[in-house]
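Shown next, in structure tokens, is the structure this report addresses.
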Amino acid sequence: MELTCGQRVPLPEPIRSTTFQVAIDLQGIACDVSCFGLDAQGTLADDRYLVFFNQPQTPCGGIEQITLAGFVSGFNLTLARLPTAIVRLVFVAAIDGPGIMRQLSTGRVVLFDGDKAAATFAFQGQDFDQERALMLIELYRKGDSWRLATIGQGFNGGLEALVRHFGGVVAEETPPPVASPPPARLSLEKRIEQEAPHLLNLAKKATVSLAKQGLQSTVARVGLVLDASGSMREQYKSGRVQELLDRVLPLALHFDDDGSLDVWAFDREPKPLPPATTRNIQGYLDTANGGWKQWYGGANDEPKAMRAVIDHYCQHPAAPPVYVLFVSDGGVHRNREIKTLMVEAARYPIFWQFMGLGGRNYGILEKLDTLEGRLVDHCGFFAVDDLHQLTEEQLYDRMLQEFPHWLREARATGIVRL
């Protein structure tokens with residue numbers, strides 16, 4: 001099985017057992033290879049679960065670094081032995097001595113099921129730049145099973161920087177100079193810093209909220225549906241809707257491998273807008289489809305917008321699940337039609353987070369948590385009079401509060417298969 005960068009697969013697909021080997025080969029530059037055993041917060045809470053040349057085995061025996069012919073390093077894994085607190089295994093390579101990862105000629109990670117190569121992830125130095133370390137692959141728990149993600153991301157620091165990044169302490173560490181350099185950033189943060197630097201702090205805050213909910217490794221498509229009825233004029237004019245869009249995009253960047261946010265506006269009709277990305281987010285609402293003044297102003301018809309979203313995402317049923325933030329300033333009156341649509345939509349891998357913004361009379365949107373006739377509870381609702389009433393951290397916490405509960409129920413009932 002040939003894997004590509006960013007791919008995620010259930011572990012049983014390439015591996016028939018929870019006891020197998022991971023082999024790593026790097027050509028062109030000398031590297032040290034390590035495995036980090038992380039907790040649900042993405043931190044190295046127990047230093048004994050960093051496996052490297054100076055500590056080749058975990059106390060439980062679940063991870064053991066070994067020598068494999070034809071490879072720089074290898075690991076014997078017995079996942080069943082790992083304590084439940086260890087939910088992620090991240091395999092990394094760090095340069096030993098001078099050099100950068102662009103000098104790497106070729107590299108590969110191979111998962112062996114017995115003597116058979118069950119899965120291979122190949123990469124090359126030209127995929128990177130000045131980085132001195134690589135995050136190669138990740139194994140992570142999903143319920144009672146494990147999944148494999150190919151990361152292939154560069155990291156500016158070496159092994160010590162990775163230890164610090166994951167919350168570990170470097171032994172016999174000398175005090176840093178007064179003018180210490182900024183901490184190394186993952187490639188996602190690099191991309192945001194280069195293309196949308198005003199979102200960098202938001203992205204870091206989103207990461208904290210994702211960690212609180214155990215969603216760091218979750219893959220999902222993300223959609224934003226914006227009320228564009230006439231009563232929303234002040235929200236658009238004051239910049240509040242653009243601010244909300246700025247806050248939602250970092251979630252999409254974390255969740256979605258394509259790094260984009262699907263956007264709709266609606267009044268009497270749903271109006272698909274171009275996907276929002278780091279390249280077009282600055283002033284997006286003033287430019288998308290001619291700017292918001294060109295497509296706002298009618299009465300609100302939520303059911304038509306909901307139907308458009310459902311039809312869009314159901315075109316690709318095998319794709320990752322969907323998180324939709326649906327924004328309304330109230331005046332919701334088509335309660336019966338919305339009920340019918342939401343009962344139908346509960347069968348699909350779509351979670352709906354409804355958000356009331358600066359309005360009233362949200363109708364059935366406030367009661368969807370208790371709506372009967374659904375396979376699972378796939379809706380949440382909260383309202384604010386002004387976006388600035390919530391800090392960015394509070395907004396992310398509100399937005400993500402019910403999503404992980406839905407994911408668990410949706411997987412248990414077979415609605416979500418990833």
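What is the range 357-408 by shape, rounded, prolate or oblate, if you read a ≥ b ≥ c off the alpha carbon gyration tensor as root eigenvalues and call it rounded for a/c under 1.5, prolate for a/b larger than b/c, and oblate otherwise?
Judged from the Cα gyration tensor, the range 357-408 comes out oblate (a/c at least 1.5, b/c at or above a/b).
Rounded to the nearest 500, what is the 222 nm mean residue ellipticity of the chain from helices alone, with -39500 (n - 2.57) per DSSP H run of 4+ residues and division by all residues?
Helix contribution divided over all residues of the chain: -6500 deg cm²/dmol.
Given points 7 Å out from each Cα along the Cα-Cβ axis, report the residue 113 to residue 417 separation in nanometres with one decimal.
1.8 nm
Share of Cα-Cα pairs in the range 206-331 beyond 26 Å, in percent?
Within the range 206-331, distances greater than 26 Å cover 20 percent of Cα pairs.
When a footprinting reagent is the concern and you count Cβ atoms within 10 Å, what order do 269, 302, 131, 64 take, fewest first?
Final ranking by Cβ density, sparse to dense: 269, 64, 131, 302.
Over the chain, what lengths in whole Å, largest first, do the semi-axes of the equivalent ellipsoid take, defined as the square roots of 5 times the eigenvalues of the alpha-carbon gyration tensor?
42, 24, 18
Give me the number: length gained by fully extending residue 314 to residue 57, i.e. 0.36 nm times residue separation minus the C-alpha to C-alpha distance, one decimal in nm.
Contour length minus the Cα-Cα distance gives 87.9 nm.
Arrange 4, 78 by Cβ neighbour counts within 10 Å, fewest through most, would you?
Placing the least packed residue first, the sequence is 4, 78.
Between residue 391 and residue 361, what FRET efficiency follows from the Cβ-Cβ distance if R0 is 22 Å, with the result rounded to 0.05?
FRET efficiency, residue 391 to residue 361: 0.25.
7 Å from Cα along Cα→Cβ at both residue 374 and residue 81: what's the point-to-point distance in nm?
Simple spin-label model gives 4.4 nm for this pair.
To make sure I understand, if each residue's beta carbon is the centre and we count other beta carbons within 10 Å, what order do 266, 112, 382 fall in, fewest to most?
Least crowded to most crowded, the residues run 382, 112, 266.
Setting aside same-chain residues fewer than 8 positions from residue 237, which lysines have a Cα under 22 Å from its Cα?
Within the straight-line limit of under 22 Å, residue 237 reaches these lysines: 271, 293.
We did not get these values from a lab; they are worked out from the coordinates using the rules stated. In this text, all values refer to a predicted model and were calculated from it rather than measured experimentally. Glycine gets a Cβ as well: all are built from the backbone with ideal geometry, and neighbour counts include every protein chain shown.
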